[in-house]
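Working notes, beginning with the structure itself.
Since every read-out is calculated from the coordinates, none of them should be taken as a lab result. None of these values were measured; they are calculated from a predicted model. Ideal geometry is used to build each Cβ from the backbone, glycine not excepted, and the neighbour counts take in all protein chains shown.
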Amino acid sequence: MGDERMVIEWDAARASNRENWEDRVPLHEKAYGIEELDEPDQLSSVVRTDLEALEPFLPGGVVAGLDVCHLQCHIGTDTASLARAGARVTGVDFSAAALASAAGLAKRLGLDATWVETDVLDARAAVDGDFDLVYTSIGTINWLPDLDRWAAQVAGLLRPGGTLYIRDGHPVLYALDEHADGLRLRYPYFTTGQAQVWDEESTYAGEGTVAHARTYQWAHPLSDIINSLLGADLRILRVDEGTTLPWKFSPRMVEVPGGFAWPESERDLVPCTYTIVARKP
Ligand SMILES: C[S@@+](CC[C@H](N)C(=O)[O-])C[C@H]1O[C@@H](n2cnc3c(N)ncnc32)[C@H](O)[C@@H]1O
């Protein structure tokens, strides 16, 4: 799994990935702990972490009052949390089922949001208006083959002075064997131009299986991520690397405040996440 690599047309890879993500929606609706958001003022733990890192870089110091475009918003737990923090939110995803779920959640919580169904690589053309903040977090660009095209969408969606925030699994983490009994490299760190082929019936959260198990993902080294943003004329304000993840990447990971991490003796050996804040001049 993930060991097979192949060159595949984006249309075919995207169609396969979309079917897989549609199937995950009902499983994640049960497993994401969405009911936590029924508590007034409660934000998702991902957004709590992200706002702490992001808000010092926002011109007014808070996300409240900003126009925010949330790319790859999935079932909307983080989008709803940003709305609850006072942002005017637009959630973007290519999964109709995810967006229907997200819209239902926002409605139930009494939060306003706009939802746009599109390939994120076509987001600029599909989404109306421009934004103070483009936000995307945890499980995002590994689904995309072309970072330059992604960064161009981000730059196009931002107003001058607008901010990009991304936090995601570190490419070094994604190169590790999740099933090994120690830290062992297994998958490519560098871009090969080929997709990694995954056939997995289960998903990272909850029980149950998906009917469409085949997905395609792409490795992106940190240098490519940074260079894609620089290539879109964004100014990088901050790059951080972290040791805690919001999902259990490997059965050997242990629960820690804020998520999961490698056992303590290994924790400073490899990064688990990276965070980048960038600005459109
Ligand atoms: C792991 S979720 C990330 C969201 C968030 N961290 C969460 O867990 O709710 C990945 C999302 O990316 C979406 N996605 C994957 N490829 C996409 C593409 N090419 N265009 C738009 N959305 C895409 C999927 O439908 C899914 O909702």
Note: probe point = Cα of Asp233 + 7 Å toward Cβ; backbone nitrogen < 12 Å; residues of region 48-74 passing the test are none
The Kirkwood hydrodynamic radius of region 61-220, taken as the inverse of the mean 1/r over all distinct Cα pairs, in Å, comes to 17.0 Å
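For Glu55 and Arg214, what is the calculated FRET efficiency with R₀ set at 25 Å and r taken between the beta-carbons, to the nearest 0.05? Could you put the intermediate results ahead of the total?
On the way: r = 39 Å, r/R0 = 1.57.
Plugging the Cβ-Cβ distance into 1/(1 + (r/R0)^6) gives 0.05.
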Under the helix-only model (-39500 (n - 2.57) for each DSSP H run of 4 or more, divided by the residues of the chain), the mean residue ellipticity at 222 nm, to 500 deg cm²/dmol, is -9000 deg cm²/dmol
hull vol. (C-alpha, convex hull) per residue for the chain, Å³ -> 121 Å³
Any aspartates and glutamates whose Cα falls less than 13 Å from that of Lys280, other than same-chain ones fewer than 8 residues away, would be Asp130, Asp132, Asp233
